[in-house]
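Worksheet for the structure shown next.
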Amino acid sequence: MAEADEELLERFASHSVDRDNAAHFRGRLNRQLLINRCGDCGRWHHPPKPVCPGCWSTAIEPSEVDGTGEVHLLIRLHQGPPAPGVDYSTPYPVVTVELDEQQGLCFTATVEEGDIAIGQRVELDWIERAGVPVPIFRLAREVSL
Ligand SMILES: [Zn+2]
């Protein structure tokens, strides 16, 4: 890995940063949610892989998504791996969101508690945890017409 990647590994020490997802984590430092998109067929995929699952092209471009979508899965963790700033006693909410960019394109992150439920529209925001930005979903403020 390049020298710049060593800093990345250090800052995301509690994550499994590797060659495939390094660009995604680098994006997080700029509060950008980068998802791999195929330069040939336009298909998005996540988690990051070096080859497009649609057409096997290697012309993969980490591309920023809007971060809006719909809650497909909602879980509240009562226990889990120790992580800085994560409190399982409350418990800790996690959602899988189908992003608007493509049907079936999902991203999993924590969510701001409140009236969150499956099927609701959410948008992406960022919080700071252990010195790095962490993606978090919130109920969408926009009103869809
Ligand atoms: Zn493709």
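Values in this text are rule-based calculations from the coordinates and carry no lab data. Note that the structure is a prediction, hence the values are computed from the model and not measured. Using ideal geometry, Cβ is built from the backbone for each residue, glycine included, and neighbour counts are taken over all protein chains shown.
Of note:
- Relative pair counts by distance (%), Cα atoms of segment 3-64, 10 Å bins: 24, 49, 24, 3
- Taking the Cα atoms of segment 69-139, the ratio Rg/Rh between the radius of gyration and the Kirkwood radius comes to 0.97.
- Net dipole in debye of the chain [+1 Lys, Arg Cβ; -1 Asp, Glu Cβ; about Cα centre; nearest 20]: 200
- Separation in nanometres of the label points that stand 7 Å from Cα toward Cβ, at Asp5 and Glu128: 2.9
- Dipole moment magnitude, nearest 20 debye, segment 3-64 about Cα centre, only Lys, Arg, Asp, Glu C-beta charged: 320
- Relative contact order of segment 69-139, pairs being alpha-carbon contacts under 8 Å that are 6 or more residues apart, as %: 32
- Note on the chain: with a GNM built from Cα contacts shorter than 10 Å, the maximum mean-square fluctuation among Thr58, Thr68, Thr96 falls on Thr58.
- Evaluated at q = 0.18, 0.21 Å⁻¹: base-10 log I(q)/I(0), Debye formula over Cα of segment 6-145: -1.12, -1.37
- Stretchable slack from Arg43 to Cys106, in nm (0.36 nm times residue separation minus alpha-carbon distance): 21.4 nm
- Structure-based [θ]222 nm, the chain - -39500 (n - 2.57) summed over DSSP H runs of at least 4, per residue, nearest 500: -3000 deg cm²/dmol
- Segment 4-66 and segment 92-145: distance between their alpha carbon centers, rounded to Å: 19
- Among the chymotrypsin sites (Phe, Trp or Tyr not before Pro) in segment 69-145, those located in a DSSP loop and surrounded by at most 16 other Cβ atoms within 10 Å of their own Cβ are Tyr88.
- Residue list for segment 76-110, given a label point 7 angstrom along the Cα-to-Cβ vector of Arg138 and an amide N cut-off under 15 Å: 110
- Shown in residue order for segment 42-51 are the 3J(HN,Hα) couplings computed by the Karplus curve 6.51 cos²θ - 1.76 cosθ + 1.60 at θ = phi - 60°: x, 6, 8, 8, 7, x, x, 10, x, 10 Hz (x for Gly and Pro).
- Per-pair calculated FRET efficiency, R0 = 25 Å: Ala13 and Glu70 via Cβ, rounded to 0.05: 0.15
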